[in-house]
Amino acid sequence: MMAAVLLTAANPAIAQHAGHQPEKAKASGLPPQCLAEQAEPQPRCASVITPAFAPNGPLWLAWVQNERVYAAVSHDKGESFSKPVQVTREALPIDDNGENRPKIAFGQSGHVYVTFTVRGKRRFTGDVLFSRSLDGGRTFSKPRSVSDEQTVSSMRFEDMGVGADGKIYIAWLDKRDRFAAETTNKAYTGAALYYTFSDDGGETFAQNRPIQHSTCECCRTDMAMDEGLPSIIWRNIYGQNTRDHGFVHFTGPESFSPPTRVSKDEWAIDACPHHGPALAVDGRGGYHATWYTEGQVREGIFYAHSGDKGKTFSTPRPLGMPENVPEHPHVVAAGDTVVLAWKEFDGQASNAMVMTSRDRGQTWTAPLQAASTSGNSDHPLLVSNGEWVFLSWQTAIDGWRLFPVAQQ
């Protein structure tokens with residue numbers, strides 16, 4: 001269902017008046033056919049969707065419906081999809097929101113990997129589960145935790161990447177050290193950034209290891225691969241409660257650079273922003289970061305790039321129109337092309353905005369509106385197939401749509 005993108009004037013939402021739906025449908029924002037417990041699995045019935053192009057070309061979607069994770073593949077850039085495959089066999093209390101959604105990645109020989117978070121019994125806790133398909137996505141293994149604890153403390157807000165050598169890397173926000181500190185009445189702020197990896201296609205995972213302590217506990221992390229190794233960005237806690245962003249670049253499966261600070265926005269807040277950053281790596285090893293802040297130094301959404309593996313980042317560049325409350329930015333890089341996307345609200349509609357750089361973030365086009373909706377909507381996401389960058393957007397009125405926004 002790929003649509004031609006409109007990059008000048010507003011793209012009117014397709015008319016589907018909520019007043020013609022049952023009350024339950026209006027409250028959920030989903031069509032009535034999606035509300036039955038045994039509703040047919042389809043992307044239209046998801047509130048958030050994760051897209052990813054496989055290395056051999058197909059587009060995959062992952063989503064949650066009726067407390068189960070599903071995946072489907074398209075060989076025509078989203079015009080049609082295969083019958084959805086059930087990743088999880090039983091209903092689970094899956095975290096399913098813009099900040100914490102299922103992830104999908106690809107290994108060698110057509111392997112497909114999926115991670116997601118299930119909520120724990122204790123508030124604000126969870127467990128990161130992993131499932132794999134060794135037959136091109138026709139069937140998936142029973143999901144299992146990637147934790148090495150006998151009893152999982154809390155793992156949430158995971159991300160995943162696969163190196164050229166097939167190693168699978170997973171990073172997440174972990175509270176085991178915080179809970180351990182509580183038992184001895186020691187102070188521990190926030191959570192910690194942990195990671196693990198698998199060098200056998202997900203059959204086993206290495207020991208869980210901390211990267212950084214005292215991280216914000218409720219914002220998404222983002223991972224980008226550079227020469228087969230991950231780099232990670234997350235919202236960190238500096239000092240007593242300043243929630244700016246940290247960055248780390250791996251130098252090997254079990255080694256990484258000292259974490260650095262992306263910018264000094266000085267956002268002091270004893271609360272959860274629920275507004276994580278995004279990261280991309282271009283074709284020449286440049287890093288591109290985007291984030292949201294309400295700091296003393298700057299407020300809004302911003303972009304910065306690094307040419308020294310994240311040791312330093314450029315002066316943050318503001319994005320969007322402040323009066324339209326820009327939020328939830330995303331970034332993709334391929335070759336020398338970098339594309340940014342975010343969402344704004346103009347008082348009547350939410351608009352997905354994009355801007356493009358052809359010189360690795362040095363200069364940019366003017367912001368252009370790619371899509372608009374008057375109803376509820378997910379965060380806009382960007383995805384690349386090596387030829388085009390696409391905007392993926394799920395809205396309550398129009399469902400999921402894919403827009404080509406920049407040729408690489």
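Side notes on the structure shown:
- Charge dipole of the chain (Cα centre as origin; +1 on each Lys and Arg Cβ, -1 on each Asp and Glu Cβ, all else neutral): 380 debye, rounded to the nearest 20.
- Computed on the Cα atoms alone, the convex hull of segment 136-251 gives a volume of 117 cubic angstrom per residue.
- Measuring spread by the Cα atoms of segment 330-408 yields a radius of gyration and Dmax of 12.5, 37 Å.
- Here, segment 34-92 has an Rg and a Dmax of 11.5, 36 Å when only alpha carbons are counted.
- Debye intensity ratio I(q)/I(0), log10, segment 195-281, q values 0.13 Å⁻¹ (C-alpha model): -0.46
- Of the residues GLY202, CYS216, VAL162, the one whose Cα sits farthest toward the positive end of the charge dipole of segment 143-234, with +1 on the Cβ of Lys and Arg and -1 on the Cβ of Asp and Glu, is CYS216.
- Net lengthening on full extension, SER109/GLN86 (0.36 nm per residue, minus Cα-Cα): 6.2 nm
- This ranking places GLU323, GLU344 by how few other beta-carbon atoms lie within 10 Å of each, fewest first, which gives GLU323, GLU344.
- Relative frequency of Cα-Cα separations exceeding 13 Å in segment 62-112, percent: 64 percent
- Taking the Cα atoms of the chain, the ratio Rg/Rh between the radius of gyration and the Kirkwood radius comes to 0.94.
- Restricting attention to the chain, the count of lysine pairs at 8 or more positions apart or across chains with alpha carbons under 18 Å apart stands at 5.
- Relative exposure of ILE301, ILE94, judged by other C-beta atoms within 10 Å (fewest first): ILE94, ILE301
- For segment 282-391: rounded, prolate or oblate by the Cα gyration tensor [a/c cutoff 1.5]: oblate
Bear in mind these aren't lab numbers, they're just calculated from the coordinates by the rules spelled out. What you see is a predicted model, and the numbers here were worked out from it, not measured in a lab. Here Cβ is always computed from backbone atoms with ideal geometry, including for glycine, and neighbour counts include all displayed protein chains.
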